[in-house]
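The values are calculated or read from the model by the stated rules, or taken from the named source; none is laboratory data. Keep in mind that this is a model prediction, so the values were computed, not measured. Note that each Cβ is placed from the backbone with ideal geometry, even for glycine, and that neighbours are counted across all protein chains shown.
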Amino acid sequence: MDNLRANQSANFDSSQSPHENQLWHYVQSLEESSVERLSKPESDEVKQVMERHILSLLGNLPSDQFDVMVSTSREHLAHLLSAAMLNGYFLRAAEQRLAVERLVRSDVATS
């Protein structure tokens with residue numbers, strides 16, 4: 001993970017102000033275990049929604065038939081990352097709420 005971070009940080013212009021790199025610094029500050037835990041949804045439904053969302057943003061050409069390469073600016077990539085993170089947080093909250101509602105329903109039904 002550290003090698004990945006070192007390679008990625010080399011791609012960012014160090015002349016940018018710290019304010020412009022806040023998202024990047026936040027992502028770098030995350031512990032590897034946190035990234036791993038946050039990257040794996042608990043339900044298949046959430047995983048499918050995230051996959052469909054990302055495919056809709058990047059395009060849905062089959063990789064076995066097309067050599068797809070996506071290029072973008074640093075700014076647009078930051079927006080894409082922000083949108084994906086917000087979407088992930090929203091879906092995680094919805095997933096947790098659904099689990100609580102199911103738990104409450106099952107407790108009411110057994111009472």
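Key figures for this structure:
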| read-out | value |
| --- | --- |
| Selection within region 34-71 - basic (K, R) and at pLDDT 80 or above | K47, R52 |
| Residue, surrounded by the fewest Cβ atoms within 10 Å (Cβ to Cβ), within region 66-107, restricted to residues that are of a type in the set (A, V, I, L, M) and touching a Leu at 6+ places or on another chain (Cβ under 7 Å) | V70 |
